[in-house]
Amino acid sequence: MNILIILAHPRKGSFNHAIAETALKILENMGHKVVFHDLYQEKFDAILPFAEIHRDAEIDSLIKKHCDELVNAQGIIIVHPNWWGQPPAILKGWIDRVIRVGVAYRFLENDQGEGVPLGLLIARCALVFNTSNTPKEREQEIFADPLETIWKNCIFGLCGIKQFRRKNYGVIVTSTFKERDQWLEDVKRTVKYYFR
């Protein structure tokens, strides 16, 4: 199976890196073919130029490569911290430039302009692993867990991926080595389960 992993955290050695590396090793050990991108290390250009917005726009070769990898992915894993209830800007830019109309979705003909989408991605499953410094209860009660809505409904659901799971680990800033080890074990179990 072709699996795409996207990591968005600026500090090498972060727990996000540990999550991504754990997922990568498990998938490779299971015999999957993995494409891995560390957006910060690669200095991914998150700025969406106006000329690139249109469905038929010419896109540069790097963005085309990312689009092709997304289209061919049979599974997707995204790893990032929760910043202000959103992905980091570099990942938001990746979404804007890569999860694009004509690649990840298209609009139905004769939809009267309301933009009814049809998902085009073939991935059978998408996993999102987040870290946070906000307790789970506060994230849900006060903020209504915006990352769940963004990834499940606004992105992967729109693009046709029906099987979705998001895991959030935290509070990171006060976590112990034991807790982090347990969380990495959970990452292993989750990846094995969804990509068995």
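Quick note: the coordinates plus some simple rules give every number you see, no bench work behind them. None of the values given here were measured: they were computed from a predicted structure. Counting neighbours? That spans all protein chains shown, and the Cβs are built from the backbone with ideal geometry, glycine included.
Could you tell me whether the range 1-79 comes out rounded, prolate or oblate from its Cα gyration tensor? Rule is a ≥ b ≥ c as square roots of the eigenvalues, rounded for a/c under 1.5, then prolate if a/b exceeds b/c, otherwise oblate. Taking the square roots of the gyration eigenvalues as a ≥ b ≥ c, the range 1-79 is oblate. For the range 99-196, relative contact order (Cα pairs under 8 Å, six or more residues apart, normalised by length) works out to 31 percent.
For the range 1-49, the list of GluC sites (Glu not before Pro) that fall in a loop by DSSP and count at most 16 other C-beta atoms within 10 angstrom reads GLU42.
Over 25 Å apart at the Cα level, from the set LYS25/LYS167; LYS152/LYS192; LYS64/LYS188; LYS43/LYS162; LYS162/LYS188; LYS65/LYS192, are LYS64/LYS188; LYS43/LYS162; LYS65/LYS192. As a length-normalised measure over Cα pairs under 8 Å and 6 or more apart, the relative contact order of the range 1-48 settles at 52 percent.
The chymotrypsin sites (Phe, Trp or Tyr not before Pro) found in the range 16-112 that occupy coil by DSSP, while having at most 14 further C-beta atoms within 10 Å, are TRP84. Of all DSSP-defined beta bridges confined to the chain, some 15% are antiparallel rather than parallel. In a DSSP loop and with at most 10 other Cβ atoms within 10 Å, the GluC sites (Glu not before Pro) in the range 113-157 are GLU114. Here the contact order of the chain, divided by its residue count and restricted to Cα pairs under 8 Å and six or more residues apart, works out to 25 percent.
Near PRO49: Cβ cut-off under 13 Å, other residues only, Lys/Arg at +1 and Asp/Glu at -1. The net charge is -3.
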